[in-house]
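Right, one structure below, let's go through it.
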Ligand code: NOJ
(Lines give C-alpha, C1' and ligand atoms only; values in the text may rest on other atoms or scores of the structure.)
Protein backbone atom coordinates (compact mmCIF):
# COMPACT_ATOMS: atom_id res chain seq x y z
CA UNK A 1 0.00 0.00 0.00
CA UNK A 2 1.33 3.49 -0.81
CA UNK A 3 2.84 5.58 1.98
CA UNK A 4 0.61 8.09 3.68
CA UNK A 5 0.16 10.18 6.79
CA UNK A 6 3.83 11.00 6.99
CA UNK A 7 3.23 14.32 8.70
CA UNK A 8 3.35 15.82 12.12
CA UNK A 9 0.70 14.23 14.28
CA UNK A 10 -0.40 17.74 15.30
CA UNK A 11 -0.95 18.87 11.71
CA UNK A 12 -2.09 15.75 9.93
CA UNK A 13 -4.17 17.90 7.62
CA UNK A 14 -1.43 20.06 6.15
CA UNK A 15 -0.80 19.02 2.57
CA UNK A 16 -3.42 16.30 2.89
CA UNK A 17 -5.53 14.82 0.11
CA UNK A 18 -9.19 14.11 0.77
CA UNK A 19 -11.14 11.80 -1.49
CA UNK A 20 -14.63 13.23 -1.90
CA UNK A 21 -17.34 10.61 -1.57
CA UNK A 22 -20.82 11.55 -2.76
CA UNK A 23 -22.40 8.62 -0.94
CA UNK A 24 -25.68 8.56 -2.86
CA UNK A 25 -23.69 7.64 -5.97
CA UNK A 26 -20.70 5.68 -4.67
CA UNK A 27 -21.89 2.17 -3.95
CA UNK A 28 -25.39 0.86 -3.21
CA UNK A 29 -24.78 -2.07 -0.87
CA UNK A 30 -28.45 -2.78 -0.10
CA UNK A 31 -29.48 -2.54 -3.76
CA UNK A 32 -32.31 -0.04 -3.23
CA UNK A 33 -31.14 2.36 -5.93
CA UNK A 34 -29.38 4.81 -3.58
CA UNK A 35 -25.73 4.60 -2.59
CA UNK A 36 -25.31 4.13 1.16
CA UNK A 37 -22.94 4.09 4.12
CA UNK A 38 -22.45 0.32 3.91
CA UNK A 39 -21.47 0.93 0.30
CA UNK A 40 -18.81 3.39 1.44
CA UNK A 41 -17.59 0.85 3.99
CA UNK A 42 -17.28 -1.74 1.21
CA UNK A 43 -15.31 0.80 -0.81
CA UNK A 44 -12.86 1.68 1.96
CA UNK A 45 -10.10 -0.68 0.86
CA UNK A 46 -10.27 0.86 -2.59
CA UNK A 47 -10.09 4.39 -1.15
CA UNK A 48 -7.26 3.53 1.24
CA UNK A 49 -5.43 1.91 -1.66
CA UNK A 50 -5.42 5.22 -3.51
CA UNK A 51 -3.05 6.54 -0.85
CA UNK A 52 -5.19 9.48 0.21
CA UNK A 53 -5.31 10.78 3.79
CA UNK A 54 -9.03 10.70 4.28
CA UNK A 55 -12.52 11.16 2.98
CA UNK A 56 -14.64 14.25 2.55
CA UNK A 57 -18.00 12.64 3.10
CA UNK A 58 -20.87 14.62 1.54
CA UNK A 59 -23.91 15.11 3.81
CA UNK A 60 -25.18 12.09 5.70
CA UNK A 61 -27.76 13.91 7.84
CA UNK A 62 -31.52 13.72 7.46
CA UNK A 63 -32.41 15.70 4.36
CA UNK A 64 -35.54 16.75 2.51
CA UNK A 65 -33.64 15.56 -0.60
CA UNK A 66 -34.67 18.59 -2.62
CA UNK A 67 -30.93 19.29 -2.83
CA UNK A 68 -29.74 15.75 -2.10
CA UNK A 69 -28.38 16.18 1.41
CA UNK A 70 -27.67 19.89 1.28
CA UNK A 71 -31.07 20.68 2.82
CA UNK A 72 -31.01 19.35 6.39
CA UNK A 73 -34.15 18.48 8.30
CA UNK A 74 -32.11 17.37 11.29
CA UNK A 75 -28.35 17.83 11.29
CA UNK A 76 -27.79 15.08 13.86
CA UNK A 77 -29.88 12.24 12.41
CA UNK A 78 -28.74 9.95 9.61
CA UNK A 79 -30.50 10.09 6.24
CA UNK A 80 -32.34 6.74 6.01
CA UNK A 81 -31.47 6.52 2.29
CA UNK A 82 -27.89 6.16 3.49
CA UNK A 83 -28.37 3.86 6.44
CA UNK A 84 -28.41 4.00 10.20
CA UNK A 85 -26.58 5.54 13.10
CA UNK A 86 -24.66 2.33 13.64
CA UNK A 87 -23.65 2.23 9.96
CA UNK A 88 -22.12 5.67 10.48
CA UNK A 89 -20.28 4.55 13.63
CA UNK A 90 -19.01 1.51 11.77
CA UNK A 91 -17.83 3.72 8.91
CA UNK A 92 -15.83 5.94 11.26
CA UNK A 93 -14.26 2.90 12.95
CA UNK A 94 -13.52 1.13 9.70
CA UNK A 95 -12.00 4.27 8.16
CA UNK A 96 -9.78 4.89 11.14
CA UNK A 97 -8.77 1.24 11.07
CA UNK A 98 -7.37 1.88 7.58
CA UNK A 99 -5.65 5.14 8.53
CA UNK A 100 -8.30 7.25 6.81
CA UNK A 101 -9.67 10.46 8.36
CA UNK A 102 -13.34 11.38 8.04
CA UNK A 103 -14.13 14.99 7.19
CA UNK A 104 -17.88 15.39 7.33
CA UNK A 105 -19.95 17.85 5.32
CA UNK A 106 -21.83 20.37 7.47
CA UNK A 107 -24.58 22.70 6.28
CA UNK A 108 -24.76 25.58 8.74
CA UNK A 109 -25.99 28.52 6.69
CA UNK A 110 -29.54 27.30 6.06
CA UNK A 111 -31.83 24.35 6.72
CA UNK A 112 -34.71 22.67 4.96
CA UNK A 113 -38.11 24.33 5.39
CA UNK A 114 -39.08 21.02 7.01
CA UNK A 115 -36.58 21.47 9.85
CA UNK A 116 -38.33 21.84 13.21
CA UNK A 117 -36.43 25.11 13.80
CA UNK A 118 -38.02 26.62 10.71
CA UNK A 119 -41.46 25.17 11.38
CA UNK A 120 -41.41 26.93 14.75
CA UNK A 121 -39.86 30.10 13.38
CA UNK A 122 -42.46 30.53 10.66
CA UNK A 123 -45.40 29.85 13.01
CA UNK A 124 -45.59 33.43 14.33
CA UNK A 125 -43.57 36.58 14.77
CA UNK A 126 -43.06 36.08 18.48
CA UNK A 127 -42.15 32.43 19.06
CA UNK A 128 -38.80 31.56 20.73
CA UNK A 129 -37.21 30.88 17.33
CA UNK A 130 -38.85 33.82 15.54
CA UNK A 131 -35.44 35.40 14.76
CA UNK A 132 -33.53 32.22 13.96
CA UNK A 133 -34.05 32.81 10.22
CA UNK A 134 -33.83 35.95 8.15
CA UNK A 135 -37.34 37.41 8.03
CA UNK A 136 -38.26 40.78 6.57
CA UNK A 137 -41.32 42.80 5.75
CA UNK A 138 -42.37 43.41 2.19
CA UNK A 139 -41.76 46.84 0.71
CA UNK A 140 -44.86 49.07 0.81
CA UNK A 141 -45.75 47.90 -2.69
CA UNK A 142 -45.63 44.26 -1.57
CA UNK A 143 -42.39 43.41 -3.36
CA UNK A 144 -39.31 41.74 -1.88
CA UNK A 145 -37.34 43.54 0.86
CA UNK A 146 -34.29 44.15 -1.37
CA UNK A 147 -32.66 43.20 -4.68
CA UNK A 148 -30.79 40.05 -3.60
CA UNK A 149 -30.96 37.08 -5.96
CA UNK A 150 -30.89 33.34 -5.30
CA UNK A 151 -28.00 31.34 -6.74
CA UNK A 152 -30.58 28.91 -8.06
CA UNK A 153 -32.50 31.65 -9.88
CA UNK A 154 -35.04 34.37 -9.09
CA UNK A 155 -35.27 36.67 -6.07
CA UNK A 156 -33.68 35.53 -2.80
CA UNK A 157 -37.01 35.98 -1.01
CA UNK A 158 -40.01 33.71 -0.46
CA UNK A 159 -43.34 34.86 0.91
CA UNK A 160 -44.63 33.17 4.07
CA UNK A 161 -48.38 33.62 4.59
CA UNK A 162 -48.34 32.67 8.29
CA UNK A 163 -45.99 35.53 9.19
CA UNK A 164 -46.97 37.82 6.33
CA UNK A 165 -43.27 38.29 5.78
CA UNK A 166 -40.56 37.19 3.41
CA UNK A 167 -37.74 34.83 4.37
CA UNK A 168 -34.42 34.77 2.61
CA UNK A 169 -32.81 31.90 0.69
CA UNK A 170 -29.59 31.69 -1.33
CA UNK A 171 -30.84 28.54 -3.00
CA UNK A 172 -34.18 26.74 -3.39
CA UNK A 173 -37.38 28.15 -1.86
CA UNK A 174 -37.29 25.21 0.57
CA UNK A 175 -33.87 26.20 1.96
CA UNK A 176 -34.36 29.17 4.32
CA UNK A 177 -31.29 31.10 5.48
CA UNK A 178 -30.37 30.76 9.16
CA UNK A 179 -29.62 33.99 10.99
CA UNK A 180 -26.27 33.12 12.56
CA UNK A 181 -26.10 36.55 14.23
CA UNK A 182 -28.50 35.10 16.81
CA UNK A 183 -26.55 33.69 19.79
CA UNK A 184 -28.96 30.76 20.15
CA UNK A 185 -28.43 29.81 16.51
CA UNK A 186 -24.69 29.83 17.07
CA UNK A 187 -25.09 27.63 20.16
CA UNK A 188 -27.37 25.21 18.31
CA UNK A 189 -24.91 24.91 15.42
CA UNK A 190 -21.91 24.44 17.70
CA UNK A 191 -23.92 21.75 19.42
CA UNK A 192 -24.33 19.99 16.05
CA UNK A 193 -20.56 20.18 15.66
CA UNK A 194 -20.04 18.66 19.13
CA UNK A 195 -22.42 15.82 18.25
CA UNK A 196 -20.29 14.71 15.30
CA UNK A 197 -17.02 15.32 17.11
CA UNK A 198 -18.26 12.96 19.82
CA UNK A 199 -18.95 10.43 17.11
CA UNK A 200 -15.27 10.51 16.19
CA UNK A 201 -15.05 12.52 12.97
CA UNK A 202 -11.74 14.24 12.21
CA UNK A 203 -13.05 17.46 10.74
CA UNK A 204 -15.68 19.24 8.75
CA UNK A 205 -16.25 20.66 5.31
CA UNK A 206 -18.43 23.73 5.79
CA UNK A 207 -20.90 24.28 3.00
CA UNK A 208 -20.92 27.82 1.52
CA UNK A 209 -19.21 29.09 4.65
CA UNK A 210 -19.05 32.66 3.40
CA UNK A 211 -22.86 32.78 3.49
CA UNK A 212 -22.90 32.26 7.26
CA UNK A 213 -24.07 35.82 7.70
CA UNK A 214 -25.68 38.43 5.51
CA UNK A 215 -26.19 42.12 6.13
CA UNK A 216 -28.75 42.56 8.89
CA UNK A 217 -29.64 45.98 7.47
CA UNK A 218 -30.56 44.23 4.19
CA UNK A 219 -28.86 46.78 1.97
CA UNK A 220 -29.25 46.35 -1.79
CA UNK A 221 -26.32 44.82 -3.66
CA UNK A 222 -24.68 47.18 -6.15
CA UNK A 223 -24.77 46.28 -9.85
CA UNK A 224 -21.93 44.21 -11.22
CA UNK A 225 -19.36 45.64 -13.59
CA UNK A 226 -19.12 42.45 -15.64
CA UNK A 227 -21.00 41.93 -18.86
CA UNK A 228 -21.60 38.26 -18.12
CA UNK A 229 -25.24 38.14 -17.11
CA UNK A 230 -26.30 34.71 -18.34
CA UNK A 231 -27.92 34.36 -14.91
CA UNK A 232 -29.46 37.33 -13.12
CA UNK A 233 -27.35 36.66 -10.04
CA UNK A 234 -24.23 37.81 -11.83
CA UNK A 235 -25.82 41.13 -12.64
CA UNK A 236 -25.00 42.27 -9.10
CA UNK A 237 -22.01 42.16 -6.81
CA UNK A 238 -22.47 40.01 -3.72
CA UNK A 239 -21.54 42.71 -1.26
CA UNK A 240 -24.28 42.37 1.33
CA UNK A 241 -25.60 38.82 0.96
CA UNK A 242 -22.36 37.03 1.79
CA UNK A 243 -18.69 37.23 2.83
CA UNK A 244 -19.51 39.60 5.68
CA UNK A 245 -16.79 40.77 8.01
CA UNK A 246 -19.14 40.28 10.97
CA UNK A 247 -19.20 36.51 10.39
CA UNK A 248 -15.55 36.08 11.40
CA UNK A 249 -16.28 36.24 15.12
CA UNK A 250 -18.52 33.18 14.69
CA UNK A 251 -15.94 31.48 12.47
CA UNK A 252 -13.46 31.94 15.33
CA UNK A 253 -15.88 30.25 17.74
CA UNK A 254 -16.13 27.32 15.32
CA UNK A 255 -12.35 27.07 15.14
CA UNK A 256 -12.11 27.19 18.92
CA UNK A 257 -14.51 24.26 19.18
CA UNK A 258 -12.33 22.26 16.76
CA UNK A 259 -9.07 23.18 18.49
CA UNK A 260 -10.41 22.36 21.93
CA UNK A 261 -11.62 18.98 20.71
CA UNK A 262 -8.16 17.99 19.47
CA UNK A 263 -6.57 18.29 16.07
CA UNK A 264 -9.79 18.60 14.12
CA UNK A 265 -9.66 20.08 10.65
CA UNK A 266 -11.98 22.42 8.77
CA UNK A 267 -12.26 23.37 5.12
CA UNK A 268 -14.63 26.07 3.94
CA UNK A 269 -16.45 26.11 0.66
CA UNK A 270 -16.56 29.66 -0.70
CA UNK A 271 -19.12 30.81 -3.23
CA UNK A 272 -18.40 34.35 -4.25
CA UNK A 273 -17.85 36.81 -7.06
CA UNK A 274 -14.36 37.43 -5.63
CA UNK A 275 -13.52 33.78 -4.93
CA UNK A 276 -9.81 33.96 -4.33
CA UNK A 277 -9.88 36.96 -2.00
CA UNK A 278 -12.69 35.43 0.03
CA UNK A 279 -11.13 31.97 0.17
CA UNK A 280 -7.94 33.54 1.47
CA UNK A 281 -9.82 35.63 4.02
CA UNK A 282 -11.70 32.65 5.42
CA UNK A 283 -8.54 30.62 6.09
CA UNK A 284 -6.01 33.31 6.93
CA UNK A 285 -4.19 33.18 10.26
CA UNK A 286 -4.82 30.33 12.65
CA UNK A 287 -8.15 31.35 14.15
CA UNK A 288 -10.40 30.87 11.13
CA UNK A 289 -10.83 27.75 8.99
CA UNK A 290 -7.72 25.64 8.32
CA UNK A 291 -8.30 25.74 4.59
CA UNK A 292 -10.79 26.95 1.99
CA UNK A 293 -11.57 26.43 -1.66
CA UNK A 294 -13.41 28.35 -4.32
CA UNK A 295 -12.03 27.99 -7.82
CA UNK A 296 -11.54 24.81 -9.80
CA UNK A 297 -7.99 24.35 -11.10
CA UNK A 298 -7.70 24.58 -14.85
CA UNK A 299 -10.96 26.35 -15.54
CA UNK A 300 -10.65 29.48 -17.59
CA UNK A 301 -9.24 30.73 -20.80
CA UNK A 302 -6.47 29.01 -22.74
CA UNK A 303 -3.61 28.20 -22.96
CA UNK A 304 -3.95 25.75 -20.10
CA UNK A 305 -0.37 26.13 -18.85
CA UNK A 306 -0.87 29.86 -18.37
CA UNK A 307 -4.21 29.37 -16.64
CA UNK A 308 -2.73 26.86 -14.24
CA UNK A 309 0.28 29.05 -13.58
CA UNK A 310 -1.88 32.06 -12.81
CA UNK A 311 -4.13 30.08 -10.50
CA UNK A 312 -1.36 28.25 -8.70
CA UNK A 313 0.65 31.43 -8.24
CA UNK A 314 -2.33 33.27 -6.86
CA UNK A 315 -3.40 30.41 -4.62
CA UNK A 316 -0.07 28.93 -3.67
CA UNK A 317 2.03 31.99 -3.20
CA UNK A 318 -0.02 33.36 -0.33
CA UNK A 319 0.44 32.59 3.33
CA UNK A 320 -2.97 30.91 3.49
CA UNK A 321 -3.35 27.18 2.94
CA UNK A 322 -5.93 26.73 0.19
CA UNK A 323 -7.43 23.52 -1.17
CA UNK A 324 -7.16 22.63 -4.86
CA UNK A 325 -9.56 20.51 -6.88
CA UNK A 326 -10.43 19.57 -10.43
CA UNK A 327 -14.00 18.29 -10.06
CA UNK A 328 -16.73 17.97 -7.50
CA UNK A 329 -20.45 17.30 -7.31
CA UNK A 330 -21.29 20.90 -8.34
CA UNK A 331 -19.18 21.23 -11.48
CA UNK A 332 -18.62 19.71 -14.88
CA UNK A 333 -16.11 16.90 -14.29
CA UNK A 334 -12.49 18.00 -14.82
CA UNK A 335 -11.56 16.13 -18.02
CA UNK A 336 -14.62 17.54 -19.82
CA UNK A 337 -14.39 21.05 -18.42
CA UNK A 338 -10.70 21.35 -19.29
CA UNK A 339 -10.48 19.37 -22.53
CA UNK A 340 -14.02 18.96 -23.81
CA UNK A 341 -15.66 15.69 -24.72
CA UNK A 342 -12.55 14.23 -26.36
CA UNK A 343 -10.18 14.40 -23.38
CA UNK A 344 -7.42 11.81 -23.65
CA UNK A 345 -5.96 9.79 -20.77
CA UNK A 346 -2.56 11.40 -21.31
CA UNK A 347 -4.04 14.89 -21.06
CA UNK A 348 -5.84 14.12 -17.84
CA UNK A 349 -2.82 12.38 -16.32
CA UNK A 350 -0.75 15.48 -17.01
CA UNK A 351 -3.32 17.58 -15.16
CA UNK A 352 -3.35 15.11 -12.25
CA UNK A 353 0.42 15.51 -12.08
CA UNK A 354 -0.08 19.27 -11.77
CA UNK A 355 -2.63 18.78 -9.01
CA UNK A 356 -0.20 16.57 -7.08
CA UNK A 357 2.46 19.27 -7.29
CA UNK A 358 0.20 22.03 -5.97
CA UNK A 359 0.92 23.70 -2.65
CA UNK A 360 -2.02 23.33 -0.30
CA UNK A 361 -4.52 20.57 0.30
CA UNK A 362 -6.19 18.52 -2.42
CA UNK A 363 -9.71 17.30 -3.02
CA UNK A 364 -10.05 14.38 -5.39
CA UNK A 365 -13.64 13.74 -6.41
CA UNK A 366 -14.76 10.13 -6.81
CA UNK A 367 -13.98 9.21 -10.42
CA UNK A 368 -11.18 11.77 -10.91
CA UNK A 369 -8.75 8.91 -10.39
CA UNK A 370 -10.42 7.07 -13.30
CA UNK A 371 -10.51 10.14 -15.56
CA UNK A 372 -14.30 10.05 -15.84
CA UNK A 373 -15.79 12.56 -18.26
CA UNK A 374 -18.96 14.45 -17.37
CA UNK A 375 -22.00 12.28 -18.04
CA UNK A 376 -24.68 13.53 -20.40
CA UNK A 377 -28.23 12.96 -19.24
CA UNK A 378 -31.37 13.26 -21.34
CA UNK A 379 -33.74 15.95 -20.05
CA UNK A 380 -36.17 13.45 -18.52
CA UNK A 381 -33.43 11.92 -16.36
CA UNK A 382 -32.24 15.21 -14.83
CA UNK A 383 -33.05 15.31 -11.10
CA UNK A 384 -31.14 18.32 -9.82
CA UNK A 385 -33.57 21.21 -9.38
CA UNK A 386 -31.03 23.88 -10.26
CA UNK A 387 -30.15 22.06 -13.50
CA UNK A 388 -33.81 21.53 -14.43
CA UNK A 389 -34.44 25.22 -14.04
CA UNK A 390 -31.80 26.19 -16.59
CA UNK A 391 -31.68 23.08 -18.79
CA UNK A 392 -29.80 22.78 -21.13
CA UNK A 393 -27.81 25.81 -19.91
CA UNK A 394 -25.80 26.10 -16.74
CA UNK A 395 -23.88 23.30 -15.12
CA UNK A 396 -25.83 20.08 -15.40
CA UNK A 397 -24.71 18.85 -12.00
CA UNK A 398 -26.21 15.37 -12.31
CA UNK A 399 -23.53 14.67 -14.91
CA UNK A 400 -21.01 14.66 -12.04
CA UNK A 401 -23.23 12.56 -9.78
CA UNK A 402 -23.95 9.42 -11.79
CA UNK A 403 -23.09 6.06 -10.15
CA UNK A 404 -19.43 5.19 -9.71
CA UNK A 405 -18.34 2.61 -12.32
CA UNK A 406 -16.93 -0.34 -10.40
CA UNK A 407 -17.31 -3.08 -13.04
CA UNK A 408 -17.54 -2.57 -16.78
CA UNK A 409 -19.75 -5.58 -17.53
CA UNK A 410 -22.04 -5.58 -14.47
CA UNK A 411 -25.56 -4.12 -14.33
CA UNK A 412 -25.38 -0.41 -13.46
CA UNK A 413 -21.59 -0.74 -13.79
CA UNK A 414 -21.44 -2.54 -10.46
CA UNK A 415 -22.99 0.32 -8.47
CA UNK A 416 -25.51 -2.16 -7.09
CA UNK A 417 -27.12 -5.51 -7.75
CA UNK A 418 -29.28 -4.31 -10.62
CA UNK A 419 -32.03 -2.16 -9.12
CA UNK A 420 -32.74 1.01 -11.10
CA UNK A 421 -30.40 3.63 -9.55
CA UNK A 422 -31.58 7.12 -8.66
CA UNK A 423 -29.47 8.34 -11.60
CA UNK A 424 -28.51 6.04 -14.46
CA UNK A 425 -24.88 5.02 -14.73
CA UNK A 426 -23.22 6.66 -17.72
CA UNK A 427 -22.59 4.31 -20.68
CA UNK A 428 -19.50 6.42 -21.41
CA UNK A 429 -18.03 5.35 -18.06
CA UNK A 430 -18.09 1.61 -18.83
CA UNK A 431 -14.77 1.61 -20.67
CA UNK A 432 -13.18 3.48 -17.76
CA UNK A 433 -14.56 1.26 -15.00
CA UNK A 434 -12.38 0.46 -12.04
CA UNK A 435 -11.97 -3.26 -12.87
CA UNK A 436 -10.57 -2.52 -16.34
CA UNK A 437 -8.17 0.06 -14.98
CA UNK A 438 -6.92 -2.31 -12.26
CA UNK A 439 -5.86 -4.70 -15.01
CA UNK A 440 -3.91 -2.08 -17.00
CA UNK A 441 -0.58 -0.87 -15.60
CA UNK A 442 -0.73 2.31 -17.68
CA UNK A 443 -4.28 3.24 -16.73
CA UNK A 444 -5.17 6.57 -15.16
CA UNK A 445 -6.02 4.75 -11.93
CA UNK A 446 -2.54 3.23 -11.72
CA UNK A 447 -0.88 6.50 -12.65
CA UNK A 448 -2.98 8.25 -10.01
CA UNK A 449 -1.73 5.82 -7.34
CA UNK A 450 1.87 6.40 -8.33
CA UNK A 451 1.42 10.17 -8.31
CA UNK A 452 -0.30 10.07 -4.93
CA UNK A 453 2.43 7.89 -3.44
CA UNK A 454 5.06 10.32 -4.72
CA UNK A 455 3.32 13.28 -3.12
CA UNK A 456 2.80 11.45 0.16
CA UNK A 457 6.44 10.43 0.33
CA UNK A 458 7.84 13.85 -0.49
CA UNK A 459 8.05 16.53 2.19
CA UNK A 460 8.68 19.08 -0.58
CA UNK A 461 5.47 18.23 -2.44
CA UNK A 462 3.44 18.02 0.70
CA UNK A 463 4.69 21.04 2.59
CA UNK A 464 7.20 22.95 0.54
CA UNK A 465 7.19 26.45 -0.92
CA UNK A 466 6.15 26.71 -4.53
CA UNK A 467 7.41 28.50 -7.60
CA UNK A 468 5.57 28.27 -10.88
CA UNK A 469 6.64 29.30 -14.35
CA UNK A 470 5.69 28.70 -17.95
CA UNK A 471 7.88 28.40 -21.01
CA UNK A 472 6.38 29.32 -24.38
CA UNK A 473 2.81 29.03 -23.12
CA UNK A 474 2.94 25.24 -23.03
CA UNK A 475 5.60 23.95 -20.66
CA UNK A 476 4.60 24.30 -17.03
CA UNK A 477 7.24 24.07 -14.34
CA UNK A 478 6.39 23.77 -10.66
CA UNK A 479 9.16 23.73 -8.08
CA UNK A 480 8.50 22.76 -4.51
CA UNK A 481 11.12 23.20 -1.87
CA UNK A 482 11.37 22.50 1.82
CA UNK A 483 14.30 22.11 4.21
CA UNK A 484 16.77 19.88 2.49
CA UNK A 485 14.47 18.61 -0.23
CA UNK A 486 13.15 19.89 -3.50
CA UNK A 487 11.13 18.51 -6.35
CA UNK A 488 10.46 19.94 -9.76
CA UNK A 489 7.58 18.98 -12.03
CA UNK A 490 8.05 19.66 -15.72
CA UNK A 491 4.91 19.06 -17.74
CA UNK A 492 4.20 19.48 -21.40
CA UNK A 493 0.65 20.77 -21.74
CA UNK A 494 0.55 20.40 -25.50
CA UNK A 495 0.10 17.70 -28.15
CA UNK A 496 3.51 18.26 -29.70
CA UNK A 497 6.59 16.66 -28.10
CA UNK A 498 9.21 19.06 -26.81
CA UNK A 499 12.69 19.23 -25.51
CA UNK A 500 12.83 20.28 -21.87
CA UNK A 501 16.52 19.74 -21.25
CA UNK A 502 17.19 23.37 -20.43
CA UNK A 503 14.48 23.48 -17.77
CA UNK A 504 15.09 20.06 -16.31
CA UNK A 505 18.83 19.82 -16.10
CA UNK A 506 18.07 16.15 -16.75
CA UNK A 507 18.28 14.61 -13.32
CA UNK A 508 16.84 11.11 -13.06
CA UNK A 509 13.02 11.46 -12.73
CA UNK A 510 11.41 10.23 -9.53
CA UNK A 511 8.29 9.60 -11.61
CA UNK A 512 7.48 10.24 -15.23
CA UNK A 513 4.85 9.51 -17.84
CA UNK A 514 5.56 6.81 -20.43
CA UNK A 515 7.57 7.73 -23.49
CA UNK A 516 9.85 10.38 -22.00
CA UNK A 517 13.47 10.36 -23.05
CA UNK A 518 16.20 11.31 -20.61
CA UNK A 519 19.90 10.77 -20.25
CA UNK A 520 23.07 12.48 -21.44
CA UNK A 521 21.85 15.73 -19.93
CA UNK A 522 18.68 15.75 -22.00
CA UNK A 523 14.96 15.47 -21.25
CA UNK A 524 12.42 15.01 -24.00
CA UNK A 525 8.71 15.02 -23.21
CA UNK A 526 6.06 13.53 -25.49
CA UNK A 527 2.77 15.41 -25.91
CA UNK A 528 1.25 15.72 -22.39
CA UNK A 529 4.33 14.07 -20.92
CA UNK A 530 5.57 14.96 -17.45
CA UNK A 531 8.50 14.27 -15.19
CA UNK A 532 9.04 14.83 -11.48
CA UNK A 533 12.68 15.62 -10.91
CA UNK A 534 14.32 15.69 -7.50
CA UNK A 535 16.71 18.62 -7.62
C1 LIG B 1 -23.13 23.89 -1.85
C2 LIG B 1 -23.20 22.45 -2.24
O3 LIG B 1 -21.92 22.01 -2.63
C4 LIG B 1 -24.20 22.32 -3.37
O5 LIG B 1 -24.27 21.00 -3.84
C6 LIG B 1 -25.52 22.78 -2.88
O7 LIG B 1 -26.48 22.73 -3.92
C8 LIG B 1 -25.43 24.21 -2.37
N9 LIG B 1 -24.41 24.31 -1.38
C10 LIG B 1 -26.74 24.65 -1.80
O11 LIG B 1 -27.15 23.74 -0.86
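The values are calculated or read from the model by the stated rules, or taken from the named source; none is laboratory data. Remember, predicted model here, so these are calculated numbers, not experimental data. Quick reminder, even Gly has a Cβ in these numbers, built from the backbone with ideal geometry, and neighbours come from all protein chains shown.
The selection criterion, being in contact with a strand residue (DSSP E or B) (Cβ under 9 Å, 6 or more places away or on another chain) and surrounded by fewer than 24 Cβ atoms within 10 Å (Cβ to Cβ), holds for residue 320. In the range 293-305, the residues that are free of Cβ contacts under 8 Å to residues at least 40 places away in the same chain reach residues that are in a loop (DSSP other than H, G, I, E, B) with C-beta atoms within less than 6 angstrom, at least six apart or across chains, in these pairs: 294/270.
Please state which one of 433, 472, 400 is at negative phi and away from the ligand (no atom under 16 Å from the Cβ). Walk me through it before giving the result.
Values: 472 fails: at negative phi; 400 fails: away from the ligand (no atom under 16 Å from the Cβ).
After ruling out the rest, the residue left standing is 433.
Residue-by-condition table, conditions (1) within 25 Å of the chain's Cα centre (by Cα); (2) under 30 Å from residue 46 (Cα atoms); (3) free of Cβ contacts under 8 Å to residues at least 60 places away in the same chain; (4) crowded, with 18+ Cβ neighbours inside 10 Å:
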position: 452; (1), (2), (3), (4): yes, yes, no, yes
position: 457; (1), (2), (3), (4): yes, yes, no, no
position: 460; (1), (2), (3), (4): yes, yes, yes, yes
position: 465; (1), (2), (3), (4): yes, no, no, no
position: 500; (1), (2), (3), (4): no, no, yes, yes
position: 505; (1), (2), (3), (4): no, no, yes, no
position: 513; (1), (2), (3), (4): no, yes, no, yes
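Tell me, which residue of the range 213-266 that is in a strand (DSSP E or B) and in contact with a helix residue (DSSP H, G or I) (Cβ under 9 Å, 6 or more places away or on another chain) is modelled with the lowest pLDDT? Ranking the candidates gives 223 first. When residue 335 is tested against the conditions (1) more than 16 Å from the ligand (Cβ to nearest atom); (2) in contact (Cβ under 8 Å) with a residue 40 or more places away in the chain; (3) in contact with a helix residue (DSSP H, G or I) (Cβ under 6 Å, 6 or more places away or on another chain), the lone failure is (2). At least 1 residues being within 17 Å of residue 356 (Cβ to Cβ) is the threshold, and among the strands (runs of 3 or more DSSP E) wholly inside the range 470-529 those reaching it are 475-482, 485-492, 522-525. Residues in the range 134-160 that are assigned to a loop (DSSP other than H, G, I, E, B) and modelled with pLDDT under 95: 150, 151, 152, 153, 154. Looking only at residues in the range 99-133 that are assigned to a loop (DSSP other than H, G, I, E, B) and under 26 Å from residue 389 (Cα atoms), the one that is nearest to the ligand (Cβ to nearest atom) is 107. Consider the range 161-173 and keep the residues that are in contact with a helix residue (DSSP H, G or I) (Cβ under 9 Å, 6 or more places away or on another chain) and part of a loop (DSSP other than H, G, I, E, B). The one that is farthest from the ligand (Cβ to nearest atom) is 163. The single condition among (1) within 27 Å of residue 243 (Cα to Cα); (2) touching a residue at least 40 places away in the same chain (Cβ under 8 Å) that residue 143 does not meet is (2). Within the range 400-435, if we keep just the residues that are in contact with a helix residue (DSSP H, G or I) (Cβ under 8 Å, 6 or more places away or on another chain) and assigned to a helix (DSSP H, G or I), the residue that is surrounded by the most Cβ atoms within 10 Å (Cβ to Cβ) turns out to be 413. Only residues that are within 19 Å of residue 126 (Cβ to Cβ) and either surrounded by 19 or more Cβ atoms within 10 Å (Cβ to Cβ) or touching a strand residue (DSSP E or B) at 6+ places or on another chain (Cβ under 8 Å) (or both) were counted in the range 154-171, giving 5. When only residues in the range 39-69 that are under 21 Å from residue 202 (Cβ atoms) and part of a loop (DSSP other than H, G, I, E, B) count, which is farthest from the ligand (Cβ to nearest atom)? Restricting to residues being under 21 Å from residue 202 (Cβ atoms) and part of a loop (DSSP other than H, G, I, E, B), the top hit is 51.
For the range 227-237, does any single residue satisfy the condition of being in contact with a strand residue (DSSP E or B) (Cβ under 6 Å, 6 or more places away or on another chain) and either more than 16 Å from the ligand (Cβ to nearest atom) or at positive phi (or both)?
Taking the range 227-237 first, the residues in contact with a strand residue (DSSP E or B) (Cβ under 6 Å, 6 or more places away or on another chain) are 232-233, 236.
The next check asks that each one be either more than 16 Å from the ligand (Cβ to nearest atom) or at positive phi (or both); those that pass are 232, 236.
Yes.
All conditions but one from (1) touching a strand residue (DSSP E or B) at 6+ places or on another chain (Cβ under 8 Å); (2) within 16 Å of the ligand (Cβ to nearest atom) apply to residue 150; the one that does not is (1). The lone criterion from (1) in contact (Cβ under 8 Å) with a residue 24 or more places away in the chain; (2) exposed (fewer than 14 other Cβ atoms within 10 Å of the Cβ); (3) closer than 28 Å to residue 296 by Cβ left unmet by residue 264 is number (2). Looking at the range 174-191 only, could you name the residues that are away from the ligand (no atom under 16 Å from the Cβ) and not in a loop (DSSP other than H, G, I, E, B)? Matches in the range 174-191: 183, 184, 185, 186, 187, 188, 190, 191.
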